[in-house]
Amino acid sequence: MSVVIQVENLSKYYRLGLIGGITLREDLNRWWAKARGRPDPALKIGMEDHGNRVGGELWALRDVSFEVHEGEILGIIGRNGAGKSTLLKVLSRITAPTTGHVKIKGRVGSLLEVGTGFHPELTGRENIYLNGAILGMKKAEIVRKLDEIIDFAEIAQFIDTPVKRYSSGMYVRLAFAVAAHLEPEILVIDEVLAVGDSAFQKKCLGKIQDVSSHGRTILFVSHNMGMITSLCSRGLLLDRGRLVSTGTAPEVVLSYFGRDGSAPYSADFRRGPKPIGDHLARLLEAHIEDAAGNTTGEVDIRQPFRVTMRYQLRQPTPVAPGPNFHFYDTRGEVAFISGSTEYDRCTGAEPGTYVACCEIPGQLLNSETYFIGLALTFVFPNVHVSFFERDALAVTVVDPIGETLDNLRNGYSGSIPGIVRPRLDWTIQRQS
Amino acid sequence: MSEWTQTIEPRGRLFDLKLGELWHYRDLIALFVRRDFVAQYKQTILGPAWHLIQPLLTTLMFTVVFGYIARIPTDGAPPFLFYMAGTVMWGYFSTVLTGTSGTFTSNAGIFGKVYFPRLAVPLADLLSKLIAFGIQFLFFLCFVGFFMLRGSVVSPNAWVLLTPLLLVIMAALGLGLGVMVSSLTTRYRDLTVVVGFGVQLLMYATPVIYPVSALPEPYRFWALLNPIAPVMEIFRFAYLGVGAVSLGLLTYSVAVTSVILFVGIVLFNRVERTFMDTV
């Protein structure tokens, strides 16, 4: 497989305080202050420190080098401010790097947003042409694919209606349909898949995989670890502008959870950049503990373990909210969702801090890594989600094969597929 | 395997105008023109008729104010035609200049999400304004014909053959200045304010509502340093038969315009590489 993208020592820095418009007067002030050896008056004070700041400079990318091979789907992950979007912007030539360079073989199409350049007054058909051309398609190419695009978007009967009359779902479907029919050799995708209904998302994922199986290369940024592990052949982890890990997608996803002081099995959300939750409730903290009560990210398949979440109700509510946990496997498939049945949703709840704890029995899950989403939902009278933090925790279920080949595996030592591996009751009787 | 097709580096070559790439995106330019034209008059009652109403009302106003109240000489041409020639020609230049001067700030949304040669946007702007100019120009010709039928002293001559060149100069000058301003506004927002009334002031500094011959001698030299002045004079001479033409001044105008356009595009291409960091 040949290398189609070669990134060498790529760095990009922003001068803080210069992001955003400035006037000539401010520039003269800055220049005057510098000339007298005074501090720069335009520098913002108290900006959030991502840790990649040197003086007044913010290194959004620092000495990043990697290669991408033809036909690969590369997943790029990292926390907010890690430099993912900057990397995509440099690769799609929206902004130039400060130092270093990138060599590319083939046409790059970038999807940092769907529906770029859509004009509300134009019809769906006119917007297909416009958006297609903005994304780099030739007119002849769009003409050839027009029917396919309209079909894919499922909006044939509204194609000559101005898009300002579209529902948001139709708008997104049309926008994605155009994007999905791009045929560059290299496709750069930011988190655009977080839109649309799930059936349509699946269709889009299918289309992406279709694209890559034709030898095209894809670079993909997402916060959805499940999507990364299920779609990507390789992963790349950025942290404060630096490349900290590359490898197979699941490996990189795991190292993502191991970083930044927030261990995968214990997360404190009060320290995040912004609180998680809404005016009714906030997520405070969550962790996983094993049967012995130790906070840990590795649990024995034979033993039960507990997932605990602390949240705060901020005002009295007429009905009590229901905490629920969502378990995903590394491919992003839902293993199961569990909600509490212990609360009475017909009585209100008082403000305060609550602890919800759920015990997952031993011999239920497979020996795999699971990502746990934490949610708090009001189901009555209307469904209202106060927060739903996907991939908040990760737990790896370990099957200590070496120690014991007891009744768990019946002596079988190979890998056992399946999202779960419950121990069920069997009966075997001799009939004749 | 084949060679690298693209290299992304911190700085591009300074004098690389990237015209080939622009040609590659010609379909996009055409679609932008179409969008501008179609979208502009959706949900208006009069639609493209506005292209006629605007210059007509401006010309009438100028005729009343400058022709009948201020009594500024028009070198003997019917005042209405004199002002209309000025309005139509100047109108093209000023709409191109104000339109393209907002390229970066008003397209920041698109530019931040996808790459295409940024020059496609001001070029499309220039072309869609050309359509409006074409309509107004035909309208102007109708009036020229009408005045000739009524026996006014109007004498179109062989200089009309220079019309395309005059138009190219106006377009190039508007584009060059526009992209220059638009590149500088990414850093200095002050310029958006300056452009608004700057164009107004420039109109009075240019022989649009008065002929060069109406200027006293010491000022005439300075007025003719303005590269638009010869264009206005030649245009009026070609269609109305009044004004001073000089091939020397036209050459000067072409030279100044070329320099402004070149500098403008170089500046634009430089800013294009990093403007997303400052907007």
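The values are calculated or read from the model by the stated rules, or taken from the named source; none is laboratory data. Note that the structure is predicted; figures quoted are calculated from it, not measured. Here the Cβ positions follow ideal geometry from the backbone for every residue, glycine too, while neighbour counts run over all protein chains shown.
Residues that are touching a Pro at 6+ places or on another chain (Cβ under 7 Å) and over 26 Å from A:PRO304 (Cα atoms): does region A:316-335 have at least one? Explain how you work it out, then say what you get.
Of region A:316-335, the ones touching a Pro at 6+ places or on another chain (Cβ under 7 Å) are A:316, A:330.
Narrowing further to those that are over 26 Å from A:PRO304 (Cα atoms): A:316.
The answer is yes, given that some residue of region A:316-335 is touching a Pro at 6+ places or on another chain (Cβ under 7 Å) and over 26 Å from A:PRO304 (Cα atoms).
Within region A:357-373, does at least one residue satisfy the condition of being over 26 Å from A:LEU424 (Cβ atoms), more than 20 Å from the chain's Cα centre (by Cα) and at pLDDT below 85?
no
Can you tell which of B:ALA214, B:ALA244, B:ALA238 is surrounded by fewer than 18 Cβ atoms within 10 Å (Cβ to Cβ) and more than 14 Å from the chain's Cα centre (by Cα)?
On the way: B:ALA244 fails: surrounded by fewer than 18 Cβ atoms within 10 Å (Cβ to Cβ); B:ALA238 fails: surrounded by fewer than 18 Cβ atoms within 10 Å (Cβ to Cβ).
Exactly one of B:ALA214, B:ALA244, B:ALA238 is surrounded by fewer than 18 Cβ atoms within 10 Å (Cβ to Cβ) and more than 14 Å from the chain's Cα centre (by Cα), namely B:ALA214.
Give the residue that is surrounded by the most Cβ atoms within 10 Å (Cβ to Cβ), with candidates limited to residues of region B:110-148 that are part of a helix (DSSP H, G or I) and within 14 Å of another protein chain (Cβ to nearest Cβ). Outline the logic, then answer.
Going residue by residue through region B:110-148, those that are part of a helix (DSSP H, G or I) are B:110-111, B:120-148.
Filter again for within 14 Å of another protein chain (Cβ to nearest Cβ), leaving B:110-111, B:120-121, B:123-124, B:128.
Working: B:ILE110: 16, B:PHE111: 22, B:ALA120: 22, B:VAL121: 25, B:LEU123: 23, B:ALA124: 22, B:SER128: 22.
Checked region B:110-148; the qualifying residue surrounded by the most Cβ atoms within 10 Å (Cβ to Cβ) is B:VAL121.
How many residues does region B:191-209 contain that are β-branched (Val, Ile, Thr) and free of Cβ contacts under 8 Å to residues at least 40 places away in the same chain?
Applying the first criterion (β-branched (Val, Ile, Thr)) to region B:191-209 yields B:192-195, B:199, B:206, B:208-209.
Next cut, free of Cβ contacts under 8 Å to residues at least 40 places away in the same chain only: B:193-194.
The number of residues fulfilling the criteria is 2.
I need the full set of residues from region A:164-179 which are of a type outside the set (Ser, Thr, Tyr) and surrounded by 22 or more Cβ atoms within 10 Å (Cβ to Cβ), in order please.
Just the residues of region A:164-179 that are of a type outside the set (Ser, Thr, Tyr), to begin with: A:164-165, A:169-170, A:172-179.
Result: A:ARG173, A:LEU174, A:ALA175, A:PHE176, A:ALA177, A:VAL178, A:ALA179.
Looking at region A:93-127, which of its residues are more than 7 Å from chain B (Cβ to nearest Cβ), in contact with an Asp or Glu (Cβ under 8 Å, 6 or more places away or on another chain) and either outside any strand (DSSP E or B) or free of Cβ contacts under 8 Å to residues at least 24 places away in the same chain (or both)?
A:ARG107, A:GLY124, A:ARG125
So is A:LEU130 in contact (Cβ under 8 Å) with a residue 12 or more places away in the chain, touching a His at 6+ places or on another chain (Cβ under 8 Å) and crowded, with 17+ Cβ neighbours inside 10 Å or not? First the steps, then the outcome.
On the way: in contact (Cβ under 8 Å) with a residue 12 or more places away in the chain: yes; touching a His at 6+ places or on another chain (Cβ under 8 Å): yes; crowded, with 17+ Cβ neighbours inside 10 Å: yes.
Yes, satisfied.
For region B:267-276, does any single residue satisfy the condition of being aliphatic (A, V, I, L, M), within 14 Å of another protein chain (Cβ to nearest Cβ), in contact (Cβ under 8 Å) with a residue 24 or more places away in the chain and in a helix (DSSP H, G or I)? If you could, list the steps in order and put the result at the bottom.
At the first step, the residues of region B:267-276 found to be aliphatic (A, V, I, L, M) are B:267, B:271, B:276.
Subset that is within 14 Å of another protein chain (Cβ to nearest Cβ): B:271, B:276.
Among the residues that remain, those that are also in contact (Cβ under 8 Å) with a residue 24 or more places away in the chain are: B:271, B:276.
Cutting the leftovers down to in a helix (DSSP H, G or I) gives us B:271, B:276.
Within region B:267-276, one or more residues are aliphatic (A, V, I, L, M), within 14 Å of another protein chain (Cβ to nearest Cβ), in contact (Cβ under 8 Å) with a residue 24 or more places away in the chain and in a helix (DSSP H, G or I).
Does at least one position in region B:8-15 carry a residue that is surrounded by 15 or more Cβ atoms within 10 Å (Cβ to Cβ), more than 9 Å from chain A (Cβ to nearest Cβ) and among the charged types (D, E, K, R)?
No, the conditions are met nowhere in region B:8-15.
Of the conditions (1) at pLDDT below 90; (2) surrounded by 23 or more Cβ atoms within 10 Å (Cβ to Cβ), B:ILE228 clears all except one; give me its number.
Result: B:ILE228 passes all but (1).
Can you name the number of the only condition in (1) of a type in the set (Phe, Trp, Tyr); (2) without any contact (Cβ under 8 Å) to a residue 60 or more places away in the chain; (3) surrounded by fewer than 21 Cβ atoms within 10 Å (Cβ to Cβ) that A:PHE66 fails?
A:PHE66 satisfies every listed condition except (2).
Quick one: how many residues across region A:135-162 are crowded, with 23+ Cβ neighbours inside 10 Å and either within 14 Å of chain B (Cβ to nearest Cβ) or in contact with a Cys (Cβ under 8 Å, 6 or more places away or on another chain) (or both)?
Residues in region A:135-162 being crowded, with 23+ Cβ neighbours inside 10 Å and either within 14 Å of chain B (Cβ to nearest Cβ) or in contact with a Cys (Cβ under 8 Å, 6 or more places away or on another chain) (or both): 2 in total.
Any chance region B:159-166 includes a residue that's under 25 Å from B:LEU250 (Cβ atoms) and among the hydroxyl-bearing types (Ser, Thr, Tyr)?
Going through region B:159-166, the residues under 25 Å from B:LEU250 (Cβ atoms) turn out to be B:159-166.
Filter again for among the hydroxyl-bearing types (Ser, Thr, Tyr), leaving B:163.
There is at least one residue in region B:159-166 that is under 25 Å from B:LEU250 (Cβ atoms) and among the hydroxyl-bearing types (Ser, Thr, Tyr).
Only one of (1) crowded, with 18+ Cβ neighbours inside 10 Å; (2) in a helix (DSSP H, G or I) is not met by B:GLU21, so which one is it?
B:GLU21 satisfies every listed condition except (1).
Quick check on region B:25-49: of everything there that is free of Cβ contacts under 8 Å to residues at least 40 places away in the same chain and exposed (fewer than 15 other Cβ atoms within 10 Å of the Cβ), which residue is nearest to B:PRO117 (Cα to Cα)?
Going through the qualifying residues, I end up with B:ARG26.
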